[in-house]
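All of the numbers you see were taken from the coordinates with simple rules; none came from a lab. Worth saying up front: this structure is predicted, and the values here are computed from it rather than measured. With ideal geometry, Cβ positions are generated from the backbone for all residues, glycine too; neighbour counts draw on all protein chains shown.
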Amino acid sequence: MRLKTSHNEEVATLQRLKRNAEHQLKTLKISSKKQIDELKKEQERDLNTIVDLHQQLDNLKNTHKTKIESARKTSEMWRGLFHDQKRQLVIKERELRTAVSLRMKELSAHPMAKEQQRKYKTFLCEICTLEFGQEEERTPRVLGCGHTICLRCCEMIARPDQIQCPFCRVVTKLTGRTISHLPKNYLALNMALLCSDNEKAM
């Protein structure tokens, strides 16, 4: 009888241990499943983040490439415009030099009196051959080399920050100044005005 009771107690203990083990195993499975699900979700979030970062990187690369291409095209456009303007300035300068040379030859061959020739050189701009005057664009301006031409012709032959004399090729710097800051030749201006007044009086 005692052996049977002891056996029953052992069986009950084993069953209780079994139930406890099954409960712990079930709890462990549930906990493990939750952890696995959380890890999967976290991994999925990480993958989405990586995909987003790759997309942002591709967008940045494309934007950077577009900006570089745009800057290159803009640079080429400005370079082309600069070369075109430079070519036009060279052509204009050649035309002016040719016109001045032809005009000087015509004047040299013209049967003027010496006094009239002196008057021409003193009172007229040797480029456009117009008389100096009080109007701003007709005022005689002295270049660094000493030659005098009107303000309008100065503006026509001027380059950025400098003017090259069409007669002697000496360069007059304009750094920090405008063409209107070139000194006036008041002697030529006064003589031109005096001559003009005399002609009107006659």
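What to note about this one:
- Cα-only radius of gyration and Dmax that characterise region 1-86, units Å: 36.6, 125
- For region 67-81, Karplus couplings with θ = phi - 60° (6.51, -1.76, 1.60), whole Hz, Gly/Pro x: 5, 4, 5, 5, 5, 5, 5, 4, 4, 5, 5, 5, 5, x, 4
- Residue exposure sequence - 147, 83 - by fewest surrounding Cβ within 10 Å: 83, 147
- Footprinting exposure proxy for 39, 189 (fewest neighbouring C-beta atoms within 10 Å first): 39, 189
- Pairs with C-alpha atoms separated by more than 30 Å, drawn from the list 92/184; 40/65; 92/173; 86/184, are 40/65.
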